[in-house]
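Asks: Please see the structure below; I have some questions.
The values are calculated or read from the model by the stated rules, or taken from the named source; none is laboratory data. None of these values were measured; they are calculated from a predicted model. So basically every Cβ, Gly included, is an ideal-geometry build from the backbone, and we count neighbours across all protein chains shown. Ligands, DNA and RNA are excluded from the accessible area calculation, which covers all protein heavy atoms including side chains. Shrake-Rupley method; radii C 1.70, N 1.55, O 1.52, S 1.80 Å.
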Amino acid sequence: MAQYLLSVWHDEDYIDAFETTPPEVIERLHAQVGALNADMEKKGVWVFGGGLVPASSATVVRPGTDGDVSITDGPYAEAKEMMGGFWVIEAPDLDSALEWTRRASLACEGAVELRPFQDG
Amino acid sequence: MGESGARASRSAGTAAGLSRAVESVFRRESGRCTATLIRVLGDVDLAEDAVAEAFEVALTRWPRDGMPDNPGAWITTTARRRALDRLRRESTRHDRHVAAHRTFGTGDPTGADPSTVGRLVEELGGEQVEVVADDQLRLMFLCCHPVLAPDSQVALTLRLLGGLQTPEIARAFLVPEATMAQRIVRAKRKLRDNHARYRIPVEAELPDRLPPVLAAISLIFTEGHRATDGSGLVRVELSNEAIRLGRVLADLMPDEPEAAGLLALMLLTDARRSARLDAAGALVPLAEQDRDRWDQDRIAEGLDRLAPWSRRVDPGRFRIQAELAAAHARAATFADTDWARIVELYDVLLQRRSDPVVAINRAVALGELDGPAAALLALEGLTTTSVSSSTPTSRGTPPGPISWPGPGVRPRPSRRTTGRSPSPPRRRSGGSSPLVARRAEPGRPRRSRPEVGCGVDIGRGAPTGGST
């Protein structure tokens with residue numbers, strides 16, 4: 001069995017959209033993702049997962065000198081893209097993981113990146 | 001020294017000749033051996049290295065002892081022995097590390113990997129290596145996994161199944177060797193990191209898994225069919241390799257019409273190879289090709305592959321293109337061509353997807369059927385821009401339909417009347433349609449013309465870019 005990270009990505013419109021998405025869309029997405037999560041748990045695939053608040057609420061901590069750290073307000077990447085949430089799943093192989101990723105992409109109606117964890 | 005071995009040694013002559021002979025056998029057999037060894041050893045790199053080592057051994061042994069009667073079995077057995085030796089050596093040093101990097105479970109696709117290398121060595125020690133035909137199919141689906149980019153799929157296929165070396169593949173696709181090497185390394189690493197399984201997809205998965213395999217093979221064929229300058233030999237080898245892979249695929253998947261369609265298309269297209277270029281190396285349009293030079297064996301095999309599916313409706317794009325090629329192959333001369341059928345086939349293609357290149361080819365065929373006015377009418381809706389933006393122009397492909405003149409140009413009068421005419425002498429179909437055989441004026445570089453007929457450019461994107 002191998003573990004994979006399925007991460008959901010949004011472009012910069014996400015933050016705006018987050019505020020302005022009509023409630024019925026939010027409801028639909030929640031329902032779809034909820035159903036997928038339930039199935040993941042049922043099939044023994046679910047390890048962990050969840051949605052993230054927008055990156056504007058993030059903080060970056062970096063190591064400094066002498067065991068100190070620096071604290072920065074905002075996300076790591078001043079990038080247009082932002083991770084909206086993720087799943088960690090356990091699957092026997094790529095094809096299985098890919099199938100779950102396909103379903104995840106359809107459920108959250110967005111791009112999902114599939115990336116394996118390093119072995120052991 | 002065996003009889004055949006002695007004969008081989010004598011006929012091979014010089015050391016260079018001998019090593020070439022060994023090379024060519026290896027080229028032919030190594031794909032199958034690699035495919036089986038990947039299953040047996042559970043690791044792509046291990047299998048590849050083992051086959052490479054077997055090749056080194058063959059280079060010294062075969063000229064001395066003669067070519068084995070069953071080179072494939074010899075390679076597989078020798079390679080496995082080498083791999084076991086290596087595993088034994090490594091198991092004393094870093095057992096778990098090596099085991100952790102093994103990719104696939106041995107044999108049983110649902111089984112777990114043995115946890116130690118030692119156990120693997122034990123298991124394989126006495127095992128008869130069964131060369132299973134299906135192994136090549138497994139390897140095809142692995143190399144053409146949808147998570148890989150098409151360029152990587154093609155590179156991996158040529159390397160693992162085709163037995164081509166990285167420099168050859170790089171040359172064939174006109175990229176630097178370092179680039180191609182990186183591409184292959186990354187692709188293998190990605191498959192390993194993502195725990196890709198060595199298996200044949202089940203029925204339900206085939207609609208997603210088969211198209212990339214077909215596309216990769218057709219891309220290799222298209223690349224081999226291009227009349228670019230230099231590496232002429234590489235080109236022919238590529239086409240032949242594509243056809244060989246196409247045969248393996250079609251034979252191992254007899255229920256897949258598109259596998260048969262792709263193979264038929266390649267065979268029928270390749271049949272024209274000798275007639276495609278003139279003495280100066282320029283492309284000869286279909287209308288002017290010497291059909292005596294068409295390879296009738298290829299044509300026969302192509303038509304044979306297509307025949308069982310002729311009743312089946314809803315053809316895929318490869319089968320349609322194959323039927324187009326077949327229509328041309330059946331015609332003794334350009335004039336004898338069943339243009340009605342060709343227009344019909346283009347109609348089917350256009351129904352599935354609108355494509356200006358296909359539309360142009362259809363118009364040309366319509367011109368053959370109903371005369372130039374009908375063709376020009378059909379072309380009216382198309383602009384040069386929409387054609388040039390969709391026609392693949394990479395790697396110096398002859399421009400094709402881009403050179404098509406606008407509707408304002410007056411066509412040269414044809415010697416033929418509309419409709420069927422009595423066949424001109426077979427050698428040259430004279431009196432070619434003005435729509436097809438517009439010659440370049442003196443002083444201007446000769447450009448290729450829009451051609452009716454099945455596209456050589458049968459890669460991923462454009463279907464019949466009417467070519468030669």
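Asks: Run the numbers on chain A and let me know its relative contact order in percent, using alpha-carbon pairs under 8 Å that are six or more apart. Don't skip to the end; give the middle numbers.
Replies: Details: 172 pairs, mean separation 58.7, N = 120.
The normalised contact order for chain A reaches 49 percent.
Asks: Among B:209-222, B:163-176, A:64-77, B:239-252, how do they line up by average Cβ neighbours within 10 Å per residue, starting with the highest?
Replies: By packing density, highest mean first, the sequence is B:209-222, B:239-252, B:163-176, A:64-77.
Asks: Using packing as a proxy for protection, rank B:280-288, B:190-198 so that the peptide with the highest average count of other Cβ atoms within 10 Å comes first. Numbers along the way, then the final one.
Replies: Working: B:280-288: 17.8, B:190-198: 20.2.
Result, highest mean first: B:190-198, B:280-288.
Asks: How many percent of all Cα-Cα pairs in region A:2-116 sit more than 24 Å apart? Walk me through the numbers on the way to the answer.
Replies: Values: 2343 of 6555 pairs.
Taking all Cα-Cα pairs of region A:2-116, the fraction more than 24 Å apart is 36 percent.
Asks: For chains B and A, what's the summed buried accessible area, probe 1.4 Å, to the nearest 100 square angstrom?
Replies: Summed over both sides, the interface buries about 900 Å².
Asks: With all protein chains present, calculate the accessible area of A:K43 using a 1.4 Å probe and round the result to the nearest 10 Å².
Replies: Using a 1.4 Å probe on the heavy atoms, I get roughly 110 Å².
Asks: For region B:11-83 and region A:1-77, what is the separation of their C-alpha centers, rounded to whole Å?
Replies: 51
Asks: Tell me whether region B:168-216 comes out rounded, prolate or oblate; compute the Cα gyration tensor, take square roots of the eigenvalues as a ≥ b ≥ c, and use a/c under 1.5 as the rounded threshold. Intermediate values should be presented prior to the final figure.
Replies: Details: a/c = 4.12, a/b = 1.68, b/c = 2.45.
It is oblate, given that a/c is not under 1.5 and a/b is not larger than b/c.
Asks: Further question on the same structure: Taking only protein heavy atoms and a 1.4 Å probe, what accessible area per residue, in Å², does region A:2-116 have with all protein chains in place? Don't skip to the end; give the middle numbers.
Replies: On the way: 7090 Å² over 115 residues.
Accessible surface, normalised per residue, equals 62 Å².
Asks: What is the spin-label model distance, in nm, from B:S19 to A:K42 if the labels are put 7 Å beyond Cα along the C-beta direction?
Replies: Each label point lies 7 Å from its Cα, and together they span 6.3 nm.
Asks: For B:D134 paired with B:D304, estimate the spin-label separation in nm (one decimal), with each label point 7 Å from Cα along the Cα-to-Cβ line.
Replies: That separation, rounded to one decimal, is 2.7 nm.
Asks: For every helix of n ≥ 4 consecutive DSSP H residues, a contribution of -39,500 (n - 2.57) applies; sum these over chain A, divide by its total residues, and give [θ] at 222 nm rounded to the nearest 500 deg cm²/dmol.
Replies: Numbers: 3 runs with 43 residues, N = 120.
Per the formula, -11500 deg cm²/dmol.
Asks: Counting only other residues whose beta carbon sits under 11 Å from that of B:D49, what net charge do I get with K and R as +1, D and E as -1?
Replies: Values: positive: B:R82, B:R86; negative: B:D43, B:D45, B:E48, B:E53, B:E56.
Computed value for this residue: -3.
Asks: Determine the shielding of peptide B:195-205 by partner chains: average, over its residues, the number of Cβ atoms on other chains within 10 angstrom of each Cβ.
Replies: 3
Asks: Pop a pseudo-label 7 angstrom from the Cα along the beta-carbon direction at both A:T65 and B:L59 and give the gap in nm to one decimal.
Replies: Taking the simple label geometry, A:T65 and B:L59 are separated by 5.6 nm.
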